[in-house]
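Take a look at the structure set out below.
The values are calculated or read from the model by the stated rules, or taken from the named source; none is laboratory data. Keep in mind that what you see is a predicted model, and the values were worked out from it rather than measured. Here the Cβ is made from the backbone with ideal geometry for all residues, glycine too, and neighbour counts use every protein chain on show. Keep in mind that these areas ignore ligands, DNA and RNA; they rest on the heavy atoms of the full protein, side chains included. Shrake-Rupley method; radii C 1.70, N 1.55, O 1.52, S 1.80 Å.
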Amino acid sequence: MSERDEAGTAAAQADAYADRRDSTRTPTRLLVREPALGGSFEERDGNLSIGGVFYWALHPPVGGRVELRLFIPAFKREVHAVGEVLRVSRDGPRFGTHVRFVEIPLDAEMTLARHFHLEQG
């Protein structure tokens, strides 16, 4: 592959990544449970987007899936979903976990869509 092709491919990948990050995000507190560890849900700070969540924790997740519960105040409704861990970043002692929804009921997905529609005003 030529240098020009490599540069074009890298630029296209960077642009695709930037597009994903431009989606609306809402700060949120959420409950996270790691099925690989068992146990109960733990509260986390993070943000919500239409396709997933990001949250901070003091340890990286164990396994590739997490169970999530989010309360959407405008609709007085808790949304349940299962997410796939896409990547984990680190900021000092904290780990940022990027998660994509892979199992979410249709009515929960619609609630999130209405939530973001209201947020955009």
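Taking into account only those residues within segment 90-120 that are buried (at least 16 other Cβ atoms within 10 Å of the Cβ) and at pLDDT 95 or above, which is farthest from LEU48 (Cα to Cα)?
Taking the candidates together, the pick is PHE95.
For segment 24-55, name all the residues that are part of a strand (DSSP E or B) and β-branched (Val, Ile, Thr).
Listed by number, the residues that qualify are THR26, THR28, VAL32, VAL53.
With respect to the numbered conditions (1) under 27 Å from GLU119 (Cα atoms); (2) surrounded by 13 or more Cβ atoms within 10 Å (Cβ to Cβ); (3) modelled with pLDDT of 95 or more, which one is the sole condition not fulfilled by GLU43?
Going through (1) under 27 Å from GLU119 (Cα atoms); (2) surrounded by 13 or more Cβ atoms within 10 Å (Cβ to Cβ); (3) modelled with pLDDT of 95 or more one by one, GLU43 breaks only (2).
Sort out which residues of segment 65-89 are open to solvent by less than 60 Å² (accessible area, probe 1.4 Å) and over 17 Å from GLY38 (Cα atoms), and write them in order of number.
Within segment 65-89, LEU70, ILE72, VAL79, SER89 meet the criteria.
Can you tell me which residues in segment 92-120 are without any contact (Cβ under 8 Å) to a residue 12 or more places away in the chain and either part of a helix (DSSP H, G or I) or touching an Asp or Glu at 6+ places or on another chain (Cβ under 6 Å) (or both)?
LEU106, ASP107, GLU109, MET110, HIS117
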